[in-house]
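Read through the structure below, which is laid out as structure tokens, and then see the notes.
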Amino acid sequence: MNLQQAIERYCKRSAIDAFHPQTVLFDMDGVLYDSMPRHARAWKGVCDEVGIEADADEFFAYEGRTGASTIDILIRRQFGRPATDEECRSLYKRKTELFADQPLAPVMHGAQDAVATVVAAGAVPVLVTGSGQGSLLDRLDADYDGAFAASRRVTAYDVEHGKPHPEPYLKGLAKAGVDAIRGIGVDNAPLGVESSSRAGLFTIGVRTGPLRPGTLLEAGADIELESMEECAQALATIFAAQQ
Ligand code: CA
């Protein structure tokens, strides 16, 4: 399905005549930063240390889950019982250490163009992340030219319910002061895409990790793209049509 068809279908579903976006809500890990391989390596490292068999790629599918939820999946599969609170605490602490030990995650190719396109169009960029990783949040201003003001960030500390609940994206819309039918969500993870879609946004799923093609459409994306370069192009097309 092409972009035009995706927008027409969204308009029909949302009972609007035309799509006039005023805000774009961006996820952070795997969208603004190419940080997911580091998260996956950190999880795989923890598994290796405690004797849990795992494949680094599987962690891309769990993205957006809480640490405790991911640990519970792993422990149940390996040992056939739920994870204890102590395991959740200690293994997540270790995962955080192994993540922090790695070099800084690079900015995702194409993401700066995507954000600049939004700003140039006079629309409002908003950050919607389940992360509380200070190391990346602190870099946003420099890497994205101040596009994500502190008042336009939804992080792990702002929500009661994480993705796939719609709350994170609904909070992002509230920060932009814009209704869902005038918003676009950009997310790379199935749970994130579900959150954006349930919030009522036109949702661009960006498959920047090793997910099976179609996974993000199944999670509710209006369109599934393969890179942030493609996303930047799509946003440019959408906003050019508003002129
Ligand atoms: Ca993500």
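Karplus-derived 3J(HN,Hα) values for the range 129-135, using 6.51 cos²θ - 1.76 cosθ + 1.60 with θ = phi - 60°, are 10, x, 7, x, 5, x, 4 Hz; glycine and proline are entered as x. Panel values: the chain, Kirkwood radius from alpha carbon pairs, Stokes-Einstein at 10 °C and 1.306 mPa s, translational diffusion coefficient 87 µm²/s.
Accessible-area rank, largest first, for Tyr92, Tyr144: Tyr92, Tyr144, with all protein chains present and a 1.4 angstrom probe.
Across Tyr157, Tyr169, the residue with the most accessible area heads the list, and the full order at a 1.4 Å probe is Tyr157, Tyr169.
On a per residue basis, the convex hull of the C-alpha atoms belonging to the range 64-139 measures out at 126 Å³. With contacts taken as Cα pairs under 8 Å and at least 6 residues apart, the range 125-182 reaches a relative contact order of 39 percent.
Partners of Lys171 within straight-line reach, counting aspartates and glutamates whose Cα lies under 14 Å from its Cα and excluding those fewer than 8 residues away in the same chain: Asp27, Asp158, Glu160, Asp179. Which listed residue (Ile71, Leu25, Pro37) has the Cα farthest towards the positive end of the charge dipole for the range 1-101, taking +1 on Lys and Arg C-beta and -1 on Asp and Glu C-beta about the Cα centre? Result: Leu25, furthest along the dipole toward the positive end. As an equivalent ellipsoid, the range 1-139 spans semi-axes of 36, 19, 13 angstrom, where each value is the square root of five times an eigenvalue of the C-alpha gyration tensor, largest first. Note on the range 104-119 and the range 141-158: Cα centroid distance 13 Å, given to the nearest whole angstrom.
Model label sites at Ala241 and Cys11, defined 7 Å from Cα along the beta-carbon direction, differ in position by 0.7 nm. Restricting attention to the chain, close to 5% of DSSP beta bridges with both partner residues there are antiparallel. Our helix-only sum for the chain, with -39,500 (n - 2.57) per DSSP H run of n ≥ 4 divided by its residues, gives a mean residue ellipticity at 222 nm of -13500 deg cm²/dmol. Under 25 Å of direct C-alpha separation, and excluding same-chain neighbours fewer than eight residues apart, Lys95 reaches these lysines: Lys44, Lys163. Take the chain with all the other protein chains still there, run a 1.4 Å probe, and you get 46 Å² of accessible area per residue.
Helix screen, the chain: DSSP H segments with Cα axial length of 15 Å or more and mean Kyte-Doolittle hydropathy at least 0.0 are 67-79, 228-240. When all alpha carbon pairs of the range 27-70 are counted in 10 Å bins from zero, the resulting P(r) reads 28, 57, 14, 1 %. Taking a ≥ b ≥ c as the square roots of the Cα gyration tensor eigenvalues, the range 125-243 comes out rounded, since a/c falls below 1.5.
The values are calculated or read from the model by the stated rules, or taken from the named source; none is laboratory data. Source: prediction; values computed, not measured. A quick note on method: Cβ atoms are made from the backbone with ideal geometry, for glycine too, and the neighbour counts reach across all protein chains shown. In case anyone asks, the SASA skips ligands and DNA or RNA and just uses the protein heavy atoms, side chains included. Shrake-Rupley method; radii C 1.70, N 1.55, O 1.52, S 1.80 Å.
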